[in-house]
């Protein structure tokens, strides 16, 4: 028996209406109080290519992607062979038995439901016949997995509120599949969903949705962006929430401006222009956009302008795998642009942190007067995660950083835009239009002195560059600190991870513990690295660095920035475009240590 | 350039404007451009226009890209904030700045390389969005800072300093701006202050995207015989379609013009631009006609100057975006951040 602990995968044709039915299935389990991790594995295509939807159900909180499919809902003849092959031994294959299929495996159980036939008999409109097949297999699953049918029905009513005449045929389709399964199969199966309270107060939300919402609560007023997968939904979420929360009631006018720019260069140019002028502005993009924005990032670094970017990383290089996930823009973002440049990076690991880092990112960008890049990825951005609810501290205002107003300007003898008055490397700025006589300066990407005047004096430029380094050191003390997996660290070996890898780490540590291997873990949350990061590495004989890229980019950054012996850091890498699994992490560490590894599919049903 | 610093003192009887400021109060740092550069005349015209309009300098923002022309914002309005951005990207920075605070006057200064080549896309989209700004191109048909390469506005018949031929047709930025829907489009000549200053004043009173293509000869690389952007060539081939006078809101219009040859157009701040129609039948409100006229004259080797197109009915960016009246950069936590109750409601919706 597997109760509240299994992986189900849906194999569909892109554009066939499966997405909403699959999402309904995942949300229903979440509503039953069981944590879920749905993952959309989709092609760069609008209609016709294979697409998959994986749902991991786990009430112990292991919500990373897991190999070993316990049940496959195989609805796509194109991908049939590989879908059948992927089912774990002892697992289930649910398929549309309207069509005769050769099933060559005898180590899996098959459940044939004549979905096409049932829907063709019940519905007359061709579109309905197609769409309701998806709802019908969800109906069959409610019986097979013993799901709370009232919850599922209730969700359909919610989904079609306002379009009430759609509720009845959807419920009809749901019952069509459910009744067939109840009649012809021994329901429920030995994988089941049981109502639980394991979800607690958590919410189910996409990282990009959380980031867009975070920008509203951070006081962002200007968003400039260019459509690119997988970042588009950040701007769309910001727009959605602005329409809910930022319309002036008396006039119906907008307390925000969202511009779909002509390209990524213009998008960041607008965000920089707005920030220069005292409005909080951001852009959202992915790797190719970062490449295009690099020149502007150098300007913002050197002219010391705040700007917040969301980089929803996808598979690279070049156009790469636009609909797959990776963490492969670490180096290109840390050092984006020509000349000596460095940028503050934040690494959220769940949607709650996407929200928090949007709020904190603006504070940091304005405090440090420099670009801040939130390094999300496709897995986090475009999939729904079971995550802690959003919170803000209402006692805290926005940290607008060192900005002088007219009264403050009156009090000082001579304003110097790039003077390090406080010794922390962070100068004072003024917004245009503040004072009739004082505080005006020329923002430029050319070499400048402490008064923003153009200079070709190399010693002056070197002085400015050193102060920028000093400012970056200050950043180490204000960026989010790393988080440690253990309260006290006693192991001889450590493991460093960041971003979405975090969700697979506890499970991987459990697997390693089964082989008597114990590691101290640390999750990086920001670049530049604070002293704690270096201390953690130096206090362990060997440290594994887990990343979702080919070249061990974070490892390179650690070696470079902390001046470490590269031999101390062992790369653990996954870059196939799928979210890294606990088994991958555990196996690669076991291999490195010369120990036996477990079969990847062994985490499925047959292991029982 | 001269290296003799400007004296800080000035004659006590220098004329004052309504703000009690002299022209000197609108000047900037000493120019580092070549002596005789047309761009310095454009800077002087901007100073004159702002002085005459009684603009408080700190309520003006100067935006530019990269190149000789983009350096010039340092040479006027030293009490204004300036932003010398990256090559060809001034339009986007100006757009963002404008969204943050529409209550400032934006003067963008660009060149033909900055606008007609590397920044062509951003230029087009700033026009399309009707960003509320004055966009001046100091057009000399050449890349000055890199020593004299042809730019995309150089005419095919033009020859380079060393006799090299230009194989490609020129991009006419004024025609481009009209075609893209800019609501104020003019062309002038840096050597014609009498025409340029009123045009700048009218452009600064216009709400929306105001474009002025200023032919501004490069004395060092593009002022020789054979260049169609030389002082001599432009003086000989300039053809003015409209003479523009700027009439501030408070001044009464005097009747010293010939009936039928003059039209007054009221601008957004109730000031007026008075157009002396030098070409019979030229109608600056006719978009297609304006384009046709420019092209017909161009075929004859003439450079058409004056206020070429004006549409006072077009809305500008902020209106199109349906934004609140207050500048976005003036809104604080109270106006921008919903409370915890609103956030909790969102949490509930995600369960």
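The values are calculated or read from the model by the stated rules, or taken from the named source; none is laboratory data. Every value quoted in this text rests on a predicted model; they were computed, and no experiment measured them. Glycine gets a Cβ as well: all are built from the backbone with ideal geometry, and neighbour counts include every protein chain shown.
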Those residues of segment A:337-382 which are under 9 Å from the mean Cα position of the chain (by Cα) and surrounded by 24 or more Cβ atoms within 10 Å (Cβ to Cβ) amount to A:348, A:349, A:351, A:354, A:375, A:376, A:377, A:378, A:379, A:380, A:381, A:382
Just to be sure, is residue B:171 at pLDDT 90 or above, farther than 16 Å from residue B:267 by Cα, out of contact with any strand residue (DSSP E or B) (no Cβ under 6 Å at 6 or more places or on another chain) and part of a loop (DSSP other than H, G, I, E, B)?
yes
Among the residues of segment B:47-60, are any touching a strand residue (DSSP E or B) at 6+ places or on another chain (Cβ under 7 Å), closer than 19 Å to residue B:210 by Cβ, within 14 Å of another protein chain (Cβ to nearest Cβ) and assigned to a strand (DSSP E or B)?
yes
Tell me, which residue of segment A:110-133 that is without any contact (Cβ under 8 Å) to a residue 24 or more places away in the chain and not in a helix (DSSP H, G or I) is farthest from the chain's Cα centre (by Cα)?
A:124
Selected residue (only one of A:199, A:205 is under 29 Å from the mean Cα position of the chain (by Cα), buried (at least 24 other Cβ atoms within 10 Å of the Cβ) and in contact (Cβ under 8 Å) with a residue 24 or more places away in the chain):
A:205
Only listed residue being assigned to a helix (DSSP H, G or I), under 20 Å from residue B:190 (Cβ atoms) and in contact with a strand residue (DSSP E or B) (Cβ under 7 Å, 6 or more places away or on another chain), chosen from B:113, B:108, B:96:
B:113
One residue is enough: does segment A:37-52 have a residue meeting the conditions crowded, with 20+ Cβ neighbours inside 10 Å, modelled with pLDDT of 95 or more and not in a strand (DSSP E or B)?
no
Criterion (at pLDDT 95 or above, under 23 Å from residue B:330 (Cβ atoms) and touching a helix residue (DSSP H, G or I) at 6+ places or on another chain (Cβ under 9 Å)) met by exactly one of A:406, A:440
A:440
Matching residues in segment A:580-596 (exposed (fewer than 15 other Cβ atoms within 10 Å of the Cβ) and assigned to a loop (DSSP other than H, G, I, E, B)) number 4
Output yes when any residue across segment A:147-169 is surrounded by 15 or more Cβ atoms within 10 Å (Cβ to Cβ) and touching a strand residue (DSSP E or B) at 6+ places or on another chain (Cβ under 8 Å), and no when none is.
no
Looking at segment B:93-142, which of its residues are more than 12 Å from chain A (Cβ to nearest Cβ) and farther than 24 Å from residue B:207 by Cβ?
B:111, B:112, B:113, B:114, B:116, B:117, B:139, B:140, B:141, B:142
When the residues of segment B:313-324 are filtered to those that are at the interface with chain A (Cβ under 7 Å from one of its Cβ atoms) and without any contact (Cβ under 8 Å) to a residue 12 or more places away in the chain, which remaining residue is nearest to residue B:211 (Cα to Cα)?
B:322
Return the residues of segment A:238-255 that are more than 7 Å from chain B (Cβ to nearest Cβ) and touching a strand residue (DSSP E or B) at 6+ places or on another chain (Cβ under 8 Å); say none if nothing qualifies.
A:238, A:239, A:242, A:246, A:247
For segment B:74-87, does any single residue satisfy the condition of being more than 7 Å from chain A (Cβ to nearest Cβ), buried (at least 24 other Cβ atoms within 10 Å of the Cβ) and closer than 16 Å to residue B:45 by Cα?
yes
Give A:269, A:212 a once-over and let me know the one that is more than 10 Å from every other protein chain (Cβ to nearest Cβ), on the phi < 0 side of the Ramachandran plot and in contact (Cβ under 8 Å) with a residue 12 or more places away in the chain.
A:212
One residue is enough: does segment B:9-24 have a residue meeting the conditions crowded, with 24+ Cβ neighbours inside 10 Å and assigned to a helix (DSSP H, G or I)?
no
Can you pull out every residue in segment B:270-287 that is in contact with a helix residue (DSSP H, G or I) (Cβ under 7 Å, 6 or more places away or on another chain) and closer than 21 Å to residue B:181 by Cα?
B:273, B:282, B:283, B:284, B:287
Picking from A:560, A:549, the residue that is crowded, with 20+ Cβ neighbours inside 10 Å and either within 27 Å of residue A:335 (Cβ to Cβ) or free of Cβ contacts under 8 Å to residues at least 12 places away in the same chain (or both) would be A:549
Out of all the residues in segment A:449-471, is one or more within 26 Å of residue B:334 (Cα to Cα) and touching a helix residue (DSSP H, G or I) at 6+ places or on another chain (Cβ under 9 Å)?
no
Considering only segment A:217-227, state which residues are surrounded by 20 or more Cβ atoms within 10 Å (Cβ to Cβ) and either touching a strand residue (DSSP E or B) at 6+ places or on another chain (Cβ under 9 Å) or away from every other protein chain (no Cβ under 14 Å) (or both).
A:218, A:220, A:221, A:222, A:223, A:224, A:225, A:226
